[in-house]
């Protein structure tokens, strides 16, 4: 809010050079610090979007807010030119969604990157808050992020798992060894109920030869997809199946697992 003196209005940015000053530099620096702290946590967890991505997102959002607030003071005229900095905040919310969507990967029954995409979204909000001068809110939101990212997984691991949540399990092996029978027996023996079974022929696996690879005479590879549910972790079942003879690969998607 401006200060009225002798019939004139002194802008909050009047003591800065073209809207630039130590206050604006401090707000941009705060956005740098807070977004870098969040990015460091993602970097330690070896996520696709780490320290550099989060830092740039936070600083960029803060800079957009600072430009919106202070970048047009030279063209402001009473009752003629009116600016609305909140419009930039709305554009940041919608624009950052494109970056977050690029971090979400969907492969059949598996969805990865949701937490990282959400952290990008929150980092942009923290940067915008810092750029808008809402220091307490920016600090509080950063603290909330670390509570959610670090404390919540510990709490959710103590929650009872759902016995009805369906998990996907894909097992690849060479045909002709009767492995499907052993796979089904292993799953039911460990207390899992099987909702659906589907098989897919993958072709013949090439064998190494003196001149390269040769698929002639190689066994036909088959992939079996099981949809199962049970109280135990499907990753334990996947580990047991991988120990079976002739099993080439096992990929499991646990519905009760924490998705980062």
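Observations, loosely collected:
- Each of 22, 121 was scored by other Cβ atoms within 10 Å of its Cβ. Arranged with the fewest first, they read 22, 121.
- Förster radius 30 Å - calculated FRET efficiency between residue 52 and residue 22 (Cβ-Cβ, nearest 0.05): 0.70
- FRET efficiency, 1/(1 + (r/R0)^6) with R0 51 Å, evaluated for residue 94 and residue 177 via beta carbons: 0.40
- Distance (nanometres) between label positions extended 7 Å along Cα→Cβ at residue 242 and residue 186: 1.1
- On the basis of the beta-carbon distance and an R0 of 51 Å, residue 202 and residue 139 show a calculated FRET efficiency of 0.45.
- Exposure proxy order (Cβ contacts within 10 Å, fewest to most) of 185, 229: 185, 229
Just so you know, all these numbers are worked out from the coordinates, no wet-lab data involved. Being a predicted model, the structure only gives us computed values, none of them experimental. A quick note on method: Cβ atoms are made from the backbone with ideal geometry, for glycine too, and the neighbour counts reach across all protein chains shown.
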